[in-house]
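Report on the following structure.
The values are calculated or read from the model by the stated rules, or taken from the named source; none is laboratory data. Just so you know, these numbers come straight off a predicted model, no measurement behind them. A quick note on method: Cβ atoms are made from the backbone with ideal geometry, for glycine too, and the neighbour counts reach across all protein chains shown. SASA here: full protein model, heavy atoms, side chains in, ligands and nucleic acids out. Shrake-Rupley method; radii C 1.70, N 1.55, O 1.52, S 1.80 Å.
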Amino acid sequence: MSAVLADMPKADVSKAIAPVTKAIAPSTGGRPWTFYVLATLFAFYVIALYGPMFCVYVLSFQDIRGGLVFPMKGTSLHWFVDLFTQVRTGDVKGSFDRSIKLAIIVTIITVVVSFLAGLGFRKRFRGDTVVFYMMIGSLVAPGLVLGLGTGLLFQALGLNASWYTSALGAQLSWTLPFGVLVMFAVMSRFNHVWEEAAYDLGASRWQSIRLVMIPVLAPGLVAVALFGFTLSYDEFARSLQTAGSLNTLPLEIWSMTLNVTSPSLYALGTVTTIVSFIVIGASLGSIVLIQKKRGSSTKG
Amino acid sequence: MTDFEAFADMQPSLSPAQTPPRANLAGWLYVSPLVLVLVPFFVAPILVVLAASFFATDGFGGLTPGFTLASYVEVLHSALTLKLYLATIKFTLLTWILTLIIGFFVAYFLVFHVRNQLLAIGLFLLCTVPFWTSNIIRMISWIPLLGKEGLINQALLGLGVIRQPLEVLLFSDLAVVIAYVHQLTIFMIVPIFNSMARIDKKLIEAAIDAGASRFDIMRLIVVPMSKSGIALGTIFVVSIVMGDFFVVKVMSGGGSASVVSAFYEDVGVLQYPTAAASAVLLTLVLVAIVSLILRTVDIRQEITR
């Protein structure tokens with residue numbers, strides 16, 4: 001005990017002289033104990049995030065005797081064939097087509113409208129708060145409630161609900177707020193000096209948007225597009241009451257979870273994941289391309 | 001945020017009241033496409049639901065336009081309503097606390113502990129990738145793990161820890177919370193990561209030089225400066241959990257219900273007015289929670305900073 005006490009002042013002195021060793025963000029020196037704790041937490045998080053999904057992907061490659069749980073029984077593509085040929089699993093192909101088309105339309109509208117709104121919100125204008133809160137309201141409103149309201153509205157107006165009218169609008173009420181929030185973050189990094197320089201050089205407003213803003217903000221716009229696509233491709237609650245007689249893919253998956261108890265369901269999970277990865281790959285690839293092009297043209 | 005900071009954050013442009021009319025017009029022109037979508041697909045549907053909540057019904061889906069508070073009386077008097085709200089609040093709080101703790105520390109680890117920036121961005125992307133897979137698929141992916149014959153039970157049986165498979169793992173409240181945390185932690189990580197990444201490292205070095213302990217730095221610098229990220233993440237998580245019915249329905253195996261899952265059942269049996277009344281109540285509760293959050297943190301100013 002006394003030895004510990006005798007050491008105390010010395011420890012204090014070293015703490016005062018070299019506090020860097022226990023700092024959070026030094027670029028050298030030993031790791032604090034929290035590093036190991038947090039690294040473990042992070043590892044557990046990633047395992048819990050991916051583990052279950054890998055189980056599903058693996059189980060989807062079982063042969064015809066396979067079930068919903070391990071152990072795996074053989075390997076084959078049986079459940080993928082089953083998914084696209086069997087009538088009892090529903091109209092997977094049709095709903096897949098519709099979901100992709102819908103997601104593409106939603107993406108285009110989301111990018112254009114979010115970009116314009118981002119431009120508008122850069123300066124204060126009378127009533128901007130109302131628009132802002134309308135947007136936040138649209139984001140947080142329960143999707144099923146909004147979907148029902150849209151469905152009832154179409155009924156009352158004597159319009160037919162369909163995936164390319166009511167469901168499109170219902171999905172936009174969810175993707176646009178996300179898109180505009182992302183645009184806020186993107187716009188905040190845009191240097192106004194470039195725009196002013198364009199005006200000084202005699203550019204019109206449209207020219208400065210087309211020749212300065214869009215090229216500079218392109219990676220951000222791709223990010224908005226990615227958001228729009230995946231949010232739409234995965235949208236369920238808002239589409240439920242608004243898609244009309246023809247299902248989108250999430251609605252099809254939903255009805256499958258209630259009726260189908262075969263690895264077909266898992267096969268669908270694997271297929272949708274592959275499609276998502278193709279889309280992300282293409283988007284990230286285009287961001288990298290844009291950056292590279294910019295790097296070579298504006299070096300220095 | 002102190003008054004001084006709020007002042008310093010103010011945009012150089014004039015306040016809306018002083019803005020010249022031309023700027024007002026330009027602003028409205030830019031946001032008009034947004035408004036043209038939000039009015040018919042957010043404002044109008046909400047008004048329709050509000051109107052429907054005052055209508056009378058014949059019980060078979062027929063609606064009689066009119067003004068009656070019968071549906072509200074029915075919803076507010078039902079003992080079930082309180083039970084549903086308690087269940088919803090329980091799921092929301094548990095999910096919020098877990099996603100906040102995991103999200104905060106994952107973001108903290110990536111921003112302050114991973115020294116290689118490229119590695120940090122790579123690990124961050126690793127966390128966001130599963131977000132691109134269907135939510136429903138991610139949810140049912142827990143079945144092969146948590147089920148009665150699932151991996152966890154098999155492992156525990158194999159190790160001799162338990163003699164009989166645990167039934168509590170799947171189709172229970174536990175499964176519901178696991179599924180929510182699995183789906184929603186990303187909504188905490190991304191905004192918190194964004195706001196933490198913007199903290200100037202010099203500030204932390206200055207604090208260390210001034211003798212701050214690591215706990216002080218966390219308490220006085222990191223947490224206050226991540227406030228906007230925490231607020232944004234909280235809005236996402238709370239509004240998604242409170243507005244969800246699907247996870248509760250599937251992962252509890254029908255054993256639990258939330259406000260929206262009850263709403264869904266009501267719609268299924270064409271009880272539109274009661275469904276609408278409970279939807280209006282839920283929306284009011286959500287609006288109250290979100291405006292409370294927005295009152296503490298001005299996200300618009302924080303994001304555009």
Counting only residues in the range A:250-265 that are crowded, with 23+ Cβ neighbours inside 10 Å and at the interface with another protein chain (Cβ under 8 Å from one of its Cβ atoms), the one nearest to the chain's Cα centre (by Cα) is identified as A:Pro250
Scanning the range B:260-284 for residues that are hydrophobic (A, V, I, L, M, F, W, C) and in a loop (DSSP other than H, G, I, E, B), the one nearest to the other protein chains (Cβ to nearest Cβ) turns out to be B:Leu270
Only one of B:Leu119, B:Leu82, B:Leu86 is open to solvent by 80 Å² or more (accessible area, probe 1.4 Å), under 20 Å from the mean Cα position of the chain (by Cα) and more than 8 Å from chain A (Cβ to nearest Cβ), namely B:Leu86
Over the range B:220-231, the set of residues in contact (Cβ under 8 Å) with a residue 12 or more places away in the chain, open to solvent by 30 Å² or more (accessible area, probe 1.4 Å) and under 24 Å from the mean Cα position of the chain (by Cα) is B:Met225, B:Lys227, B:Ile230
Within the range B:67-126, of all residues that are among the hydroxyl-bearing types (Ser, Thr, Tyr) and outside any helix (DSSP H, G or I), the one nearest to A:Gly30 (Cα to Cα) is B:Ser78
B:Leu166 - would you say it is under 26 Å from B:Asn135 (Cβ atoms), surrounded by fewer than 21 Cβ atoms within 10 Å (Cβ to Cβ) and at pLDDT below 85?
yes
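Inside the range B:239-259, can you point out the residues that are at the interface with chain A (Cβ under 8 Å from one of its Cβ atoms) and either touching a residue at least 24 places away in the same chain (Cβ under 8 Å) or open to solvent by 10 Å² or more (accessible area, probe 1.4 Å) (or both)?
B:Ser239, B:Met242, B:Gly243, B:Asp244, B:Phe246, B:Val250
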Reported set for the range B:32-54 where residues are open to solvent by 50 Å² or more (accessible area, probe 1.4 Å) and touching a residue at least 40 places away in the same chain (Cβ under 8 Å) is B:Leu50
Open item on the list: On the basis of being in contact with a helix residue (DSSP H, G or I) (Cβ under 7 Å, 6 or more places away or on another chain), within 14 Å of chain B (Cβ to nearest Cβ) and assigned to a loop (DSSP other than H, G, I, E, B), does A:Thr270 make the cut?
Closed with: no
| Does the range A:78-94 contain any residue that is within 18 Å of B:Leu29 (Cβ to Cβ), open to solvent by 10 Å² or more (accessible area, probe 1.4 Å) and more than 7 Å from every other protein chain (Cβ to nearest Cβ)? | no
Condition set under 18 Å from A:Glu252 (Cβ atoms) and of a type in the set (Lys, Arg), scope the range A:95-147, selection farthest from the other protein chains (Cβ to nearest Cβ): answer is A:Lys101
Filtering helices (runs of 4 or more DSSP H) wholly in the range B:137-219 for at least 3 residues that are touching a residue at least 12 places away in the same chain (Cβ under 8 Å) and more than 9 Å from chain A (Cβ to nearest Cβ) gives B:173-197
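Find the helices (runs of 4 or more DSSP H) located wholly in the range A:131-209 whose residues include 1 or more that are open to solvent by less than 30 Å² (accessible area, probe 1.4 Å) and modelled with pLDDT of 90 or more, and list them.
The qualifying helices (runs of 4 or more DSSP H) are A:143-156, A:166-188.
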